[in-house]
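The values are calculated or read from the model by the stated rules, or taken from the named source; none is laboratory data. Just so it is clear, the model here is predicted, and its values are computed rather than measured. FYI the Cβ positions are ideal-geometry reconstructions off the backbone, even for glycines, and counts take in every protein chain you see. The accessibility values were calculated without ligands, DNA or RNA, using every heavy atom of the protein model including side chains. Shrake-Rupley method; radii C 1.70, N 1.55, O 1.52, S 1.80 Å.
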Amino acid sequence: MSTMNNRAAWLQGPSVQCETTPEGALLPWGLVLLGAPGVGKGTQAELLHKRLRACHLSTGDVFRAAGSNPDCNQSPAIKEALRHMQRGELVPDSIVWDMVRERSSCLHCRGGFILDGFPRTLAQAEALKELMDREGIRLTTVVNYALPFGDIVARLGGRRTCENCKAVYNVTERPPKIEGKCDQCEGKLFLREDDRPESIKVRLEAYNRSTAPLIDFYRDLGLLIEVSAKGSPDDIFENTFTQLEARRVREVAQKVLVAQEDRR
Ligand code: ADP
C-alpha cells in the first residue's frame with residue numbers, strides 16, 4: 001500500500017533491498033496476527049504498521065507477488081503453492097517454511113515486524129519459535145481476532161482487492177468511492193480466486209483444523225491477547241492498540257521492579 005515501505009525484501013526475497021528502511025524503534029514490536037481468513041488481519045496489519053512502524057510481513061502477499069510473475073519465472077515450488085492457494089487449501093509447510101526462512105532477515109528489521117498469515121499450523125509455529133530462539137528475536141505479542149462464522153463468510157464474499165497496490169475493500173462494509181476502482185491508485189479491483197464461494201468453505205475448514213490450535217499454543221506461552229473483529233476497522237484497531245499498550249506498560253513496569261530488586 002502507498003503508506004508502506006515497499007517491502008521488497010519480503011515480497012521478492014533477500015536478494016532485493018527495501019527502498020527505505022524504517023527508523024529503529026527503541027522497543028520494536030514483534031507481532032503475530034491470528035484469526036480466520038476474512039477477519040481483517042490484512043487491514044489491521046496496515047493500520048498497525050502506520051502506528052507502530054513495524055513492517056507488514058504477509059505470506060499470502062508473497063505467494064500472490066510470485067504468482068503475478070510470468071509463468072516461466074515461477075519455480076516448481078511456487079507453482080505448487082499457487083495450485084493449493086487457488087483451491088483454498090493451505091500451502092504445504094515445507095514450501096511455506098523455505099520461503100519464510102529465506103526471508104528471516106526481515107524479522108530483524110529495525111522497525112519490528114507484524115506477521116500476517118504466518119504461522120498457520122503448529123509445525124510452522126514451532127519452526128518459527130526455534131528460529132527466533134536461535135537468532136535472539138523476540139515475539140512481543142500475538143493478537144487473535146475473533147469473528148462469528150456468518151460474518152466471516154459475508155466479508156470474504158464481498159472482499160475486493162486492488163490489483164495494483166493490494167488495498168482491500170468490501171462491496172458492502174467498505175466500498176470504494178467509484179465501483180471497481182481503487183481510491184488510492186485507481187487500480188482495478190478484483191475478486192481473489194480464493195474468495196470464490198467454493199474456496200471459502202475449504203479455507204474455513206483448514207483454519208478450524210490447522211490454525212485454531214495456535215490460539216492455545218500462544219496462550220500457553222503467555223503471549224496472547226484477544227480482540228473482537230466486529231465493528232469498523234478503526235474501532236478494531238483502537239481496541240488492539242489499547243491492549244498492546246497496556247501489555248507494554250505492564251512489561252516495562254515489571255522490568256523496572258526486577259531492576260530495583262536486583263539493586264537491593
Ligand atoms: P487470508 O488470511 O485472507 O485467507 P492470506 O493472504 O493470508 O489470506 O493467504 C492466502 C492463501 O495463501 C491461503 O489461503 C493459503 O493457501 C496460502 N498461505 C498463506 N500463508 C500460508 C501459510 N502460512 N501456510 C499455508 N498456506 C498459506
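Of note:
- Residues that are more than 30 Å from Glu238 (Cβ to Cβ) and surrounded by 14 or more Cβ atoms within 10 Å (Cβ to Cβ) within region 50-77 comprise Phe63, Ala65, Ala66, Gly67, Gln74, Ala77, listed in sequence order.
- The listed residue being within 20 Å of Leu47 (Cβ to Cβ) and open to solvent by 30 Å² or more (accessible area, probe 1.4 Å), out of Lys181, Lys188, Lys201, Lys177: Lys177
- Among the residues of this structure, Glu80 does not count as one that is outside any helix (DSSP H, G or I) and open to solvent by 60 Å² or more (accessible area, probe 1.4 Å).
- Residue check, Val153 of a type outside the set (Lys, Arg), open to solvent by 10 Å² or more (accessible area, probe 1.4 Å) and under 30 Å from Pro28 (Cβ atoms): no
- Looking only at region 83-111, and only at residues there that are within 21 Å of Val16 (Cβ to Cβ) and assigned to a loop (DSSP other than H, G, I, E, B), the one that is least open to solvent (accessible area, probe 1.4 Å): Gly111
- Looking across region 91-128, the residues that are touching a residue at least 40 places away in the same chain (Cβ under 8 Å) and over 16 Å from the mean Cα position of the chain (by Cα) come down to Glu102, Ser105, Arg110, Leu122.
- Residue match in region 10-28 (condition: away from the ligand (no atom under 12 Å from the Cβ), in contact with a Phe, Trp or Tyr (Cβ under 6 Å, 6 or more places away or on another chain) and not in a helix (DSSP H, G or I)): no
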